[in-house]
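Written below as structure tokens is the structure these notes are about.
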Amino acid sequence: MTKPGDTRGEIYRSRVRNRRLCVCFVSIGEMLFGAYKKRWSSQNIERLKSRLRSVVIVPFDYAVCQTYASLKSNLPIGICVADNDLWIAACAVRHAIPLMSHNRKHFEKIPGLILESEAPIIREIESQTKMDYGTTDSSETGPPSEQSPSSELKKD
């Protein structure tokens, strides 16, 4: 569910076509918070409420709370996930609903979560900049174009 005019929604259209859309209760709270903070008119808030009538709002229950606690206690050491994102993930995991988010970074480390995202895999892209270009001198860390042309000659 995207805002009218948000072009990121287009890349997900084929994934959601003919599927029942679910939105976590936390996400509804986040949407309303944004609307209140930006002082939306009552007409715009009504428009949002109208759009929300077309989705299933996933509520919390005791099993979601257990799932949240389990996910949080089993996060790998050093991995922090914002509480709201963890509640959203807990709803998805508890109900076996794939989570669709363009915010891959917030959800990709959560165990047991089925994440569908078209967002670029930043870590993979960043790893390309750290490739070994076959140099043996530790001072030459950049690609060949950044190295001095005479660096190979100095090694002989």
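A simple spin-label model places pseudo-atoms 7 Å from Cα toward Cβ; at residue 62 and residue 33 they are separated by 2.8 nm. Computed from the Cβ-Cβ distance with R0 of 22 Å, the FRET efficiency linking residue 102 to residue 41 stands at 0.25.
Could you tell me the calculated FRET efficiency between residue 49 and residue 84, based on Cβ-Cβ distance and R0 = 30 angstrom, to the nearest 0.05? Working shown, then result.
On the way: r = 20 Å, r/R0 = 0.68.
With R0 = 30 Å, the Cβ-Cβ based efficiency is 0.90.
The ranking of 77, 114, 45 by Cβ neighbour count inside 10 Å, starting from the fewest, reads 77, 114, 45.
Which shape class applies to the range 7-119: rounded if a/c is under 1.5, otherwise prolate when a/b exceeds b/c and oblate if not, where a ≥ b ≥ c are the square roots of the Cα gyration tensor eigenvalues? Prolate.
What order, most packed first, do the peptides 54-60, 26-32 have when packing is the mean number of other Cβ atoms within 10 Å of each residue? Spell out each step's value before the answer.
Working: 54-60: 13.4, 26-32: 16.3.
Order by mean packing, descending: 26-32, 54-60.
Values quoted throughout were computed directly from the atomic coordinates according to the rules given, and no laboratory measurement underlies them. Note that the structure is predicted; figures quoted are calculated from it, not measured. Note that each Cβ is placed from the backbone with ideal geometry, even for glycine, and that neighbours are counted across all protein chains shown.
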